[in-house]
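Working notes for the structure below.
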Amino acid sequence: MQNRFSKYSLWLSIAGIIIAIGQYFTPLYNLNILYIGIVIYLIGFVCGVIAVGKHEKGLMKYFSLYSFVLIPVFIFFGFLFLAFQIGEK
């Protein structure tokens, strides 16, 4: 059995995350590039769901599924940290 969707899931998710996060660290900020990164990430997530549905071997398929949960958690804690910083001023 090929791990085709697992590999697509891993690489598309990583590429989408790098593109989306990279927009905040570059002086050239373009909202369209951010949207492209998010779409690439979501395509990787869908490939991960397909890989789980096809029962592909390996752990690569779980990267996009875990990151789909962990990214909002990091965003939540980032906003929580920002709120604490604002509250101390």
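To the nearest 10 degrees, how steeply does helix 31-53 sit against the main Cα axis of the chain, on a 0 to 90 scale? With rounding to tens, the tilt is 40 degrees.
Using a probe of 1.4 angstrom, how much of the accessible area of segment 1-88 is carbon and sulfur, in percent?
Details: 5050 of 6450 Å².
Heavy-atom surface of segment 1-88 belonging to carbon and sulfur, 1.4 Å probe: 78 percent.
The base-10 log of I(q)/I(0) for segment 1-88, evaluated at q = 0.24 Å⁻¹, reads -1.06 [Debye formula, identical scatterers on Cα atoms, solvent excluded]. Working from Cα positions, state the angle (0 to 90°, nearest 10) between the long axis of helix 61-88 and the longest principal axis of the chain. Approximately 10 degrees, to the nearest 10. Taking the charge dipole of the chain about its Cα centre, with +1 at Lys and Arg Cβ atoms and -1 at Asp and Glu Cβ atoms, the residue from 68, 6, 36 reaching farthest to the positive side is 6.
First check a/c for segment 34-79, with a ≥ b ≥ c the square roots of the eigenvalues of its C-alpha gyration tensor; if it is under 1.5, answer rounded, and if not, answer prolate when a/b is larger than b/c or oblate otherwise. Oblate, because a/c is 1.5 or more while a/b does not exceed b/c.
Specify which residue in the list 59, 82, 22 is farthest towards the positive end of the charge dipole of the chain, using unit charges on the beta carbon of Lys, Arg (+1) and Asp, Glu (-1), about the Cα centre. With unit charges placed on the Cβ atoms, the residue in question is 59. The charge dipole of the chain, taken about the Cα centre with unit charges on the Cβ atoms of Lys, Arg (+1) and Asp, Glu (-1), comes to about 320 debye, rounded to the nearest 20.
Dividing the mean sequence gap of close Cα pairs (under 8 Å, 6+ apart) by how many residues the chain holds gives a relative contact order of 36 percent. The mean sequence separation of alpha-carbon pairs under 8 Å and at least six residues apart, normalised by the residue count of segment 1-41, gives a relative contact order of 48 percent.
So, for the chain, what is the accessible surface per residue at a probe of 1.4 Å, expressed in square angstrom? Please report the intermediate quantities before stating the final value.
Numbers: 6650 Å² over 89 residues.
That works out to 75 Å² per residue.
Among 70, 65, 34, the order of accessible area from largest down is 70, 65, 34, computed with a 1.4 Å probe on protein heavy atoms.
The values are calculated or read from the model by the stated rules, or taken from the named source; none is laboratory data. Note that this is a predicted model, so its numbers are computed, not measured. Here Cβ is always computed from backbone atoms with ideal geometry, including for glycine, and neighbour counts include all displayed protein chains. Accessible surface areas use protein heavy atoms only, side chains included; no ligands, DNA or RNA. Shrake-Rupley method; radii C 1.70, N 1.55, O 1.52, S 1.80 Å.
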